[in-house]
Amino acid sequence: MLPECRSNEHLFQIPKYDIKSKDVKDFINELEGFHEIFNDCFHRSESRAHFFKYMVGQFSELERKSIEPIALNVKEGKVRAMQRFVSDAEWDNDKILYKYRNMVNEDMGDNDGVLIIDESGFQKKGNDSVGVAKQYCGSIGKVENCQVGVFAAYASPKGYSLVDKRLFMPEKWFTEDYETKRKKCKVPANLSFKTKPQLAVDMFQGLVNESVLPFKYVLADSLYGASPEFIEAVEKCVGMTYFVSIPSDTQCWLHMPLLREKQYKYKGEIRTKTILEKTEKKPIKVNDLAKNINNFFWYKRKVSEGAKGPIEYEFTKRRVVLAKNGLPGKNVWLIIKRTVEPDPVYFYYISNAPVSSKLPTFVWLSGLRWAIEQCFEETKSELGMDHYEVRKHGGWNHHILTCMMAHFFLWHIKIRLGKKSTVYYAVAA
């Protein structure tokens with residue numbers, strides 16, 4: 001749902017993708033123009049042709065948009081040739097992404113842009129696809145046999161788009177037992193196990209170093225909010241503000257506690273460690289803090305417009321000192337959101353925003369993760385992002401990249417033609 005951000009409470013509003021069912025002249029011709037930009041990313045003319053045909057299939061009205069149905073329904077499509085192209089052909093992925101993100105910047109770039117990190121699951125029946133394992137699959141809300149991708153999306157006043165991706169490969173995939181599977185799936189030999197937050201750090205640092213997309217805010221859920229690596233990576237960038245979810249059992253103080261040095265003996269050696277003063281209380285969990293905040297300090301705000309009316313939450317904020325191993329750590333904003341009902345559900349966030357930041361800024365930020373959720377919904381429901389049947393590492397990356405680009409192409413048409421334009425994007429294969 002689109003967050004409703006009132007003019008006195010936000011920096012910008014992210015628009016909906018609201019294209020209607022009307023024809024756009026020369027859709028295929030425009031798609032050809034889009035693909036011309038990437039011609040030098042492929043060594044062979046056949047690969048350029050497959051790249052175009054594959055995306056045409058994603059825009060079609062096929063019920064199943066995997067390689068075989070696409071190849072059988074597009075003009076001059078060949079199943080085996082397209083399978084080899086998606087899974088085994090050489091793509092200059094770095095060049096494609098660089099050109100692609102320059103296009104995203106041209107259409108959507110904004111100095112107050114938002115980078116959003118999240119993951120999406122792809123349910124799988126077999127065990128032979130790269131990275132597949134019994135793990136939590138967010139798309140169905142339970143542990144299931146699936147693949148999981150970690151994604152970065154970009155959002156601005158002009159729209160939203162996926163701008164990077166990484167396939168998460170569970171640690172067991174890097175053991176000796178999986179050596180044969182790694183070879184079959186053509187997993188790069190230099191690839192090693194990385195946690196989801198580490199994959200997010202790789203994407204974040206890559207986007208910062210590339211300096212193509214401007215952004216000021218970074219949003220993520222509690223998996224990343226609880227990761228010191230992820231938080232520290234964002235904090236190293238001067239002027240970057242994060243707004244991330246945290247677990248309900250995160251501990252903190254409402255003031256900086258007093259500390260003292262204590263000497264102790266270890267193997268005959270006198271050592272010193274820092275401890276809390278005896279008069280200081282232990283840190284409290286944020287869920288205990290939230291439930292003891294007087295109603296006077298809670299502000300009701302509408303964050304989105306639902307099908308049955310406005311969706312409202314109550315918000316409050318506190319400056320807190322996070323606890324780390326029982327001692328004080330970072331001084332941050334703690335933002336608490338709760339549902340408006342007799343037995344409310346609470347949500348917790350932290351941010352390194354300036355001390356002078358007002359509550360409306362945090363209310364606004366709390367609604368922006370909607371953009372990456374829309375990216376997932378639109379690429380899966382309209383472009384077949386979850387229809388793939390490839391098993392190899394390259395195949396997964398190529399398919400997902402093509403879906404990302406196809407999704408942006410639709411946004412480009414909307415932006416190029418203006419807010420009131422309408423376009424029918426399902427084309428005959």
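Take the range 241-261 and flag every residue that is free of Cβ contacts under 8 Å to residues at least 40 places away in the same chain and either touching a helix residue (DSSP H, G or I) at 6+ places or on another chain (Cβ under 9 Å) or hydroxyl-bearing (Ser, Thr, Tyr) (or both). Result: 249, single match. In the range 94-123, the qualifying residues are those that are touching a Cys at 6+ places or on another chain (Cβ under 8 Å) and under 30 Å from residue 223 (Cα atoms), and the one that is surrounded by the fewest Cβ atoms within 10 Å (Cβ to Cβ) is 123.
Quick test for you: out of 59, 51, pick the one residue that is at pLDDT below 95 and aromatic (Phe, Trp, Tyr). On inspection, the qualifying residue turns out to be 59.
Quick grid of which residues meet (1) surrounded by 11 or more Cβ atoms within 10 Å (Cβ to Cβ); (2) part of a strand (DSSP E or B); (3) not β-branched (Val, Ile, Thr):
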position: 248; (1), (2), (3): yes, no, yes
position: 257; (1), (2), (3): yes, no, yes
position: 278; (1), (2), (3): no, no, yes
position: 288; (1), (2), (3): yes, no, yes
position: 293; (1), (2), (3): yes, no, no
position: 312; (1), (2), (3): yes, yes, yes
position: 323; (1), (2), (3): yes, yes, yes
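Yes or no: the range 345-358 includes at least one residue that is at pLDDT 95 or above, within 24 Å of residue 115 (Cα to Cα) and in a helix (DSSP H, G or I). No, the conditions are met nowhere in the range 345-358.
Restricting attention to the range 238-253, the residues being within 25 Å of residue 160 (Cβ to Cβ) and either at pLDDT 95 or above or among the charged types (D, E, K, R) (or both) number 7.
Counting the residues of the range 170-211 that are in contact with a Phe, Trp or Tyr (Cβ under 7 Å, 6 or more places away or on another chain) and of a type in the set (A, V, I, L, M) gives 3. Please tell me if residue 229 is surrounded by fewer than 17 Cβ atoms within 10 Å (Cβ to Cβ), touching a Pro at 6+ places or on another chain (Cβ under 7 Å) and either of a type in the set (D, E, K, R) or modelled with pLDDT of 95 or more (or both). Against the criterion (surrounded by fewer than 17 Cβ atoms within 10 Å (Cβ to Cβ), touching a Pro at 6+ places or on another chain (Cβ under 7 Å) and either of a type in the set (D, E, K, R) or modelled with pLDDT of 95 or more (or both)), residue 229 qualifies. Kindly indicate whether residue 107 is under 21 Å from the mean Cα position of the chain (by Cα) and either modelled with pLDDT of 95 or more or part of a loop (DSSP other than H, G, I, E, B) (or both). Yes; evaluated as a whole, the condition is true for this residue.
The values are calculated or read from the model by the stated rules, or taken from the named source; none is laboratory data. This is a predicted model, so every value here is computed, not measured. FYI the Cβ positions are ideal-geometry reconstructions off the backbone, even for glycines, and counts take in every protein chain you see.
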